[in-house]
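Every read-out reported here was derived from the displayed coordinates using simple, explicitly stated rules and does not represent laboratory data. All of these numbers come straight from a predicted model, not from anything done at the bench. As a convention, Cβ positions derive from the backbone with ideal geometry for all residues, glycine included, and neighbour counts pool all protein chains shown.
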């Protein structure tokens, strides 16, 4: 009985550490009436890791990449297990372009012009919400500066 309890305790600790391994600071954004809970990727390490190794992403959740400079940033899907859409955003939160990205590929998906932000959501999220280039994502004024 004690061995079973010990095993269960270890399993719970392992599950808890896996669940918190992806914990990141978040920011609340909006796309019109739609609320987005975006994890922040404002450091070089966070931007390099992104959403790698995730088995799933809740429907209202995404990741906001905050870059230190405005340029034509590119994204890829190395070690990323779920299909994603990425919206490249100008300083005012206006969507410049949206790219659909397939899991575990090294294809570059780039901003059409210099941007400071990229927002990754589940594949098709922007299309399903009626968002297209020219639409605005609100709440970026609360985003931290990139480091």
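Enumerate the residues in the stretch 120-147 having an amide nitrogen under 15 Å from the point lying 7 Å beyond the Cα of residue 61 toward its Cβ.
Correct set: 120-123.
Expected output is a single nm value to one decimal: the length gained when fully extending between residue 132 and residue 33, i.e. 0.36 nm times separation in residues minus the C-alpha distance. What is it?
Numbers: separation 99, 0.36 × 99 = 35.64 nm, distance 1.48 nm.
Difference between extended and current length: 34.2 nm.
Among 137, 82, which comes first, then next, by fewest other beta-carbon atoms within 10 Å? Each step should come with its number before you reach the end.
Details: 137 24, 82 17.
By the 10 Å Cβ count, ascending, the order reads 82, 137.
Rounded, prolate or oblate: which one fits the stretch 25-142, using the alpha carbon gyration tensor with axes a ≥ b ≥ c (rounded when a/c is under 1.5, else prolate when a/b beats b/c, else oblate)?
Details: a/c = 1.28, a/b = 1.15, b/c = 1.11.
Here the stretch 25-142 falls in the rounded category.
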